[in-house]
Structure formats: structure tokens, C-alpha cells
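Before any comments, here is the structure.
The values are calculated or read from the model by the stated rules, or taken from the named source; none is laboratory data. Just so it is clear, the structure is predicted and the values come from calculations on it, not from any experiment. Note that each Cβ is placed from the backbone with ideal geometry, even for glycine, and that neighbours are counted across all protein chains shown. All accessible areas refer to the heavy atoms of the entire protein, side chains included, with ligands and DNA or RNA removed. Shrake-Rupley method; radii C 1.70, N 1.55, O 1.52, S 1.80 Å.
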Amino acid sequence: MTTSRRARLLAPAAAALLTAALAGCGAAAGGSGDAGSAGQSPVADKLSDDPATAVRNAPDITGHAGSVQATTQLTTAAGDKKASFTGGGPYDYAKRIGRLEVQVPPGAATSGPVVEVYEPGIVFLQNSGAKVPPGKWVKLDVRQLADGNLISNGATDPATAAAALRGVQQATLVGDETVDGTPLKHYKGTLDLAKAADAAGGQAGYGLQMAAATFTVKAVPFDAWLDAQGRLHKVTELFSFAGVAGSKDAKDQVQVTSTVSLAGFGTAVSVAEPAAADVVELKDNGSPSPK
């Protein structure tokens, strides 16, 4: 199946979740990027004096920690319709794999948490609302999702959220702030997802490439909070897509605010792919089939 064919399918396993939660807002836009592998980046663990450089370096420096614990919040809004998703879980930079459990709002295509295990270019989903047997997982190439998995599963995974910062086009230092007792520098600016995809490279850039083509606002606003070492502690990114296909009217745009917070730098984590026997893949018609 070609990449364009996959994208047109919008992967019902994920798209149904956000679409249902946004009932009345229009159809959902529906990756995993990589925030940098530990020990493989030449970037020094030092906060640059230049705001744009400091933010662009944050994914690599954060990766040097080896692992993090992430919390996520994703809010969608179109007119007076809003939906909010919260989640969290660990990410292992050395193995480039993470896990999120996302709590869905009333009206979503499923009840209980949606569980996501993600690696560069692929994502495994459990309880996503697809016609998948209980306890089983569906495996997707992020290119099966029009948004590259940046928002369609109710969260932006921490690797992708950080990788997007590689595409920073302009940034300014807002000032010094203390968050949970840690002194941080607050930066604000815009980023380009297409340039972030190029900078990430390979499978790590797949999701960012898809999102760059789908989202209607190309200069993505962001806020980022970095510590004195240059590590990312929090990032908020504002995405927009057309709730009515092809429409550029303001009333048809869906705004998505994604916030990822990181803590527990270097704390040991354990994440693994689901067992092969528990994984199914979606056919072209959206029905599951054994892997």
C-alpha cells in the first residue's frame, strides 16, 4: 500500500477516537519523532545564549538524560465545542521507545484509557475504538495518519513534541520562571514542521512530514521551558487543521493545543513492544487482520 493510500485511509483505529470527541467540530485531522538518542549527539549540555539555538538544541540535550517521565494534555476547540485528553508515561531515549496512557473525554469512540507504544515511524494502539479484539493491539505506520500521530490519538508523544523544536524559525526569551521548584527559561516563537522533519531525518521525521502537509497554519506557535542545562521541561504547541475538508474559513478551523511536561530525567524505565501474537494490522478497509 502506498504512503498516499495509507494517508487517505486516516487509519480508523486512531481517527475515530478524536473524531468522536470532536463531534460538532468537524472531522479530525487524522508520529512518532525522536528527541535524540542518548550519547549520539555532538550538542553540548549547555544552554545557548541564543534563544533559537537553545530551543533547537533542547531535543538532543534532553535525550542525553537517557529517559524521562512525560505528562500530556491535548485540548481541541472549534467554535464552542471543546474536548480535552490527558495522559502520561515513560520514554526511553536509548531504545527510542515510549508508552502513553491517554484518558479520553466523554463522547470519544472508546471508554477507559487508550494505550500507545510508539517508536520512530510506528505506533501500537490498544483500546483505540477500532474493531480490535479486547487485549489486542493494532500496529500502524504513522504515515497512515494524516496528522502523523501528532494529535489523532489524543496526545503528542514527548519524542515528537521535542523533535518539532528542531524546526524553530524564530524564538525570543520571555523570561525566568520557576516551575515545581526548578528555575527555567521560558521561550516563545514559531516552528516549521517540514523543516523539523528534515532535521530529524529518517523514520523519526515521518510523522512531522505528514503533519506539515495537513495542518493549515505552517508557522506553528510554541512555548518552551528549558533548564540551565538546556533540557526541555515543558513545551506547548498550537496546531490547526480544517474541520471541513479544503476550507480555509476561520469558522471551519479546529485549534489543538498540545502540552507535554517532562520530569524524572534519567530514572530507569521499562518499555517494550507488544508481543507479536497480540498485534493485528489494519487492512485497507480498516478491518483488523492478524500480523
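Structure notes:
- Residues Tyr206, Tyr93, ordered by accessible area of protein heavy atoms at a 1.4 angstrom probe radius and largest first, appear as Tyr206, Tyr93.
- Under 13 Å from the Gln255 label point (7 Å along Cα→beta-carbon), backbone N, the stretch 64-104: 75-83
- For the stretch 221-229, 3J(HN,Hα) per residue [Karplus equation, 6.51 cos²θ - 1.76 cosθ + 1.60, θ = phi - 60°, Hz, x = Gly/Pro]: x, 9, 10, 9, 10, 10, 8, 5, 8
- Taking the average, over residues, of other Cβ atoms within 10 Å as the packing measure, peptides 193-205, 146-158, 254-266, 54-66 rank 146-158, 54-66, 193-205, 254-266 from highest down.
- Cα-based reach from Lys139 at 17 Å (exclusive), listing lysines while leaving out same-chain residues under 8 positions away: Lys131, Lys283, Lys291
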